[in-house]
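Taken together, the values in this text are just the output of simple stated rules run on the coordinates, not laboratory data. Just so we're clear, the structure is a prediction, and the values are computed from it rather than from any experiment. Note that each Cβ is placed from the backbone with ideal geometry, even for glycine, and that neighbours are counted across all protein chains shown.
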Ligand SMILES: N[C@@H](CCC(=O)N[C@@H](CS)C(=O)NCC(=O)O)C(=O)O
């Protein structure tokens with residue numbers, strides 16, 4: 001436990017991607033404990049500040065660096081929550097212990113949500129963003145969060161690059177093959193049972209489990225069928241957010257731009273006709289080259305970065321290792337994933353929409 005009064009603490013460095021739901025989980029926790037912190041927008045490759053971090057640190061954000069404790073670096077959201085609770089949870093805690101649900105039950109629940117809900121929600125949300133407004137992902141290349149629209153040509157071009165990286169890094173082109181939609185339904189059904197008739201998940205109190213659920217389910221709000229079907233879970237999370245997040249919550253950068261795009265699309269039919277014409281020309285010209293791409297990028301044994309060897313201690317990560325070292329690698333990479341962007345992603349989207357319709361009409 002840190003004995004320095006909170007007013008005297010130095011700000012904790014909080015490395016984040018502003019629209020990451022894992023980062024929102026840690027941001028909320030820092031605010032919950034009323035800790036001073038400085039947010040540093042980061043991508044693991046770009047942030048030179050992380051060069052001081054230990055080489056074995058998991059270089060995925062969220063990461064915190066605590067100058068009040070010999071500049072300790074901690075990564076992985078649930079271990080960060082535990083660290084903050086151990087050091088600063090003297091007055092308030094997210095890990096209440098009592099006879100019914102012990103601390104480790106809450107930790108296990110959080111790790112399970114990190115390894116399942118957090119990863120599935122992210123993949124499905126990226127599928128929607130890439131299919132509907134890929135220019136939003138130009139943010140990965142230019143890092144410019146001040147841009148309030150992404151309708152210019154440079155955003156379209158950089159968005160293609162950003163989409164290729166997201167597709168490859170998170171396997172967005174393999175959502176159907178890896179049963180991500182079905183797995184999401186399974187975990188949502190389980191959560192629905194867990195919250196049934198309850199104020200909170202554990203101990204009749206707000207814990208890290210409620211916070212984790214509320215933060216990690218957020219990307220699924222842009223998946224229409226799931227948002228409708230599991231309305232009661234989203235309502236539960238709205239209440240948790242309203243009662244326990246000290247900061248007024250606002251949509252993330254990507255959600256804001258996507259919602260704006262959906263509104264605009266409703267009112268402008270010409271744009272989609274124009275887009276479809278370009279699309280068909282592209283399809284006719286490139287389809288004969290299918291054989292060049294079909295064997296690459298579709299293998300199922302991927303190399304994951306920071307995999308978990310023990311899921312009760314550390315969350316699973318689904319970030320795949322990308323080989324982008326030489327110019328030849330880069331050329332093969334971008335042509336392969338551009339192919340997936342044009343031809344595989346629309347099929348994946350079609351599949352998710354069909355499955356969405358199926359679950360909506362199953363019991364009604
Ligand atoms: N299990 C990790 C997940 C961390 C994670 O996947 N972070 C993503 C952002 S949501 C990231 O750093 N992406 C950058 C990259 O893949 O290089 C946690 O709970 O913190």
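Remarks
- Choice from 277, 64, 74 with maximal GNM fluctuation in the chain (Cα, 10 Å cutoff): 277
- 0 to 90° range, to nearest 10: angle between helix 103-115 axis and the chain longest Cα axis: 10 degrees
- Least to most buried among 55, 308, 326 (fewest other Cβ within 10 Å first): 55, 326, 308
- Acute angle (nearest 10 degrees) that the helix 208-217 long axis makes with the longest principal axis of the chain, alpha-carbon atoms: 10 degrees
- If both residues of a DSSP beta bridge must be in region 6-93, then about 60% of such bridges are antiparallel.
- Relative packing of peptides 339-347, 159-167 - highest average C-beta neighbours within 10 Å first: 159-167, 339-347
- If R0 equals 56 Å, the separation of the Cβ atoms of residue 72 and residue 328 corresponds to a calculated FRET efficiency of about 0.85.
- Prolate/oblate/rounded call for region 6-93, Cα gyration tensor, a/c under 1.5 rounded: prolate
- Residues 24, 31, sorted so that the one with the fewest Cβ neighbours within 10 Å comes first: 31, 24
- Neighbour counting of Cβ atoms within 10 Å sorts the residues 237, 110, fewest neighbours leading, into 237, 110.
- For region 111-362, the square roots a ≥ b ≥ c of the C-alpha gyration tensor eigenvalues yield an a/c of 1.5 or more together with a/b exceeding b/c, which makes the shape prolate.
- Calculated FRET efficiency, residue 259 to residue 358, Cβ-Cβ distance, R0 = 25 Å: about 0.50 to the nearest 0.05.
- Mean residue ellipticity, 222 nm, helices only, the chain: the sum of -39500 (n - 2.57) across DSSP H runs of n ≥ 4, divided by residue count and rounded to 500, is -16500 deg cm²/dmol.
- Between residue 198 and residue 152, the distance separating the two model label sites (each 7 Å from Cα on the Cα→Cβ line) works out to 4.9 nm.
- C-alpha long axis of helix 77-88 to longest principal axis of the chain, angle in °: 20 degrees
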